[in-house]
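Take this structure first; my questions come after.
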């Protein structure tokens with residue numbers, strides 16, 4: 001069974017600073033993905049103490065190793081995860 005690198009979804013935020021030139025530059029911010037009771041959801045600002053309450057948790061902005069079954073479940077979860085979020089190991 002193949003394994004995949006899962007990169008969580010991102011959202012562009014800007015401006016990146018206070019100077020006027022920073023208004024033209026945006027930063028990618030990772031969105032965390034959590035599974036609770038068989039349902040996947042996205043979280044922007046998870047609390048450390050809440051992470052233990054989820055069945056699965058993928059912190060935003062990081063790469064995670066997942067199985068083929070988990071990959072299929074994440075794509076089918078309806079939270080904006082696509083094939084582009086995965087690379088084969």
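Across the stretch 64-89, what is the total count of residues that are in contact (Cβ under 8 Å) with a residue 12 or more places away in the chain and surrounded by 11 or more Cβ atoms within 10 Å (Cβ to Cβ)?
Number of matching residues: 15.
With respect to the numbered conditions (1) in contact with a strand residue (DSSP E or B) (Cβ under 8 Å, 6 or more places away or on another chain); (2) more than 27 Å from residue 89 (Cα to Cα); (3) surrounded by 13 or more Cβ atoms within 10 Å (Cβ to Cβ), which one is the sole condition not fulfilled by residue 15?
(1)
No value in this document is a laboratory result; all are computed from the given coordinates. No experiment lies behind these values; they were computed from the predicted model shown. All Cβ positions, even for glycine, are placed from backbone atoms using ideal geometry, and neighbour counts span all protein chains on display.
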